[in-house]
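Q: One structure, pasted below without further comment.
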């Protein structure tokens with residue numbers, strides 16, 4: 001197991017916001033370089049699909065999927081993480097009844113939430129169970145339903161329905177998302193607000209802009225705490241556009257939308273952007289999937305937010321077998337940690 005006596009080169013108080021594989025890569029990079037006890041991962045609580053969505057509906061709990069992924073990412077010992085991933089991802093396909101198809105990791109998180117009477121206390125219990133030193137904090141303790149309003153006037157209800165809209169046969173990329181909102185007040189987790197106030201750095205991971213990133217800023221008190229914080233605010237730019245959410249987006253489009261939710265154009269200190277490209281063959285595959293690399297139009301970004309600084313490096317790694325273009329956790333972690 002990872003030694004509690006290991007000397008880490010950095011001791012920065014960091015809170016991250018995000019979801020999915022982007023958040024996972026970010027946390028993997030940070031936990032290798034920075035004192036784990038000083039890292040807090042804020043997790044969304046509006047997932048409505050798959051095993052998480054079913055447990056949310058059937059048991060009345062907050063969705064456990066992103067919590068599980070963050071806990072995995074923050075395990076320091078690679079052997080522990082490998083075994084835990086196999087265990088957490090194991091789906092009960094061979095059983096009959098209501099448990100069929102659920103991932104064991106989601107069920108563990110769900111039961112601990114039930115036993116300890118709350119997502120925050122249940123997550124803390126799971127962190128202690130697996131000896132994870134970094135913190136995983138649900139950003140809100142309210143049951144939330146995400147809604148997107150399109151420029152056409154149509155409303156789409158539920159995180160999964162918004163997330164998958166680009167895969168529908170009748171999808172029209174001209175019907176862009178105008179805004180996202182919750183159908184009820186999102187009360188903040190006080191521990192998240194406290195972590196923001198104490199942070200040296202506040203980092204927004206790469207990820208689905210409208211379903212994984214921006215909703216954090218809709219939670220009451222979060223953007224206000226960020227604006228008044230003395231921490232450096234860092235935004236990690238996505239590697240690729242996403243059909244249904246960010247079709248044809250450039251860096252300036254991401255920045256413009258993000259600022260419209262944060263409501264302070266001078267509050268973002270850094271954008272972390274990838275500078276290495278993909279081969280023609282791989283690019284053609286992505287083009288068939290209606291995705292393209294996010295263009296870095298730095299000068300336009302600086303007109304939108306004059307104080308912003310760009311950090312550009314070869315951060316992307318293409319995994320041939322899985323056909324996935326992802327951030328390299330170690331390089332990403334260094335790019336964030338080394339900023340003043």
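Q: Give the Cα extents of segment 183-237 along the principal axes, in whole Å, largest first.
A: 31, 27, 16
Q: Tell me, what is the percent relative contact order of the chain, built from C-alpha pairs under 8 Å that lie six or more residues apart?
A: On the way: 659 pairs, mean separation 64.6, N = 340.
Relative contact order, the chain: 19 percent.
Q: Direction-averaged shadow area of the convex hull around the Cα atoms of segment 238-340, nm²?
A: Values: hull surface 28.4 nm².
Computed as one quarter of the Cα hull surface, the answer is 7.1 nm².
Q: Which whole-number value in Å³ per residue fits the convex hull of the alpha carbons of segment 255-298?
A: Working: hull volume 3.9 nm³, N = 44.
In segment 255-298, the Cα convex hull volume per residue is 90 Å³.
Q: Please tell me the relative contact order of segment 110-212 in percent, rounded to the nearest whole number, where contacts are Cα pairs under 8 Å and at least six residues apart.
A: Values: 111 pairs, mean separation 26.3, N = 103.
Dividing the mean separation by the residue count of segment 110-212 yields 26 percent.
Q: Across the chain, how large is the tail of the calculated P(r) beyond 39 Å, expressed as a percent of all Cα pairs?
A: Details: 5082 of 57630 pairs.
When every Cα pair of the chain is considered, 9 percent fall beyond 39 Å.
Q: While we're looking at this one, here's another question. Full-extension gain between residue 179 and residue 263, please, as 0.36 nm times their residue separation minus the C-alpha to C-alpha distance. Write down the numbers at each step before the final one.
A: Numbers: separation 84, 0.36 × 84 = 30.24 nm, distance 1.39 nm.
Extra length from residue 179 to residue 263 when fully extended: 28.8 nm.
Q: Follow-up question, since we're still on this one. Among 159, 263, what is the fewest-to-most ranking by other Cβ atoms within 10 Å?
A: Working: 159 28, 263 11.
Exposure proxy ranking, most exposed first: 263, 159.
Q: Based on other C-beta atoms within 10 Å, arrange 323, 23 from fewest to most. Kindly include the intermediate steps, with their values, before the conclusion.
A: On the way: 323 11, 23 28.
Listed from fewest to most nearby Cβ atoms, that is 323, 23.
Q: Between segment 159-190 and segment 257-304, how many Å separate their Cα centres?
A: A separation of 20 Å, based on Cα centres.
Q: Still on this structure, I have one more. Run the quick spin-label model on residue 248 and residue 330: label points 7 Å from Cα toward the beta carbon, then report their separation in nm to one decimal.
A: 4.0
Q: Counting other C-beta atoms within 10 Å, which of 178, 75 has the fewest, and how do the rest follow?
A: Working: 178 13, 75 25.
Final ranking by Cβ density, sparse to dense: 178, 75.
No lab work stands behind these numbers, since they all come straight from the coordinates. Small disclaimer: the values here were computed from a predicted structure and weren't measured. Because the Cβ atoms are built from the backbone with ideal geometry, glycine has one as well, and the counts that use them run over all protein chains shown.
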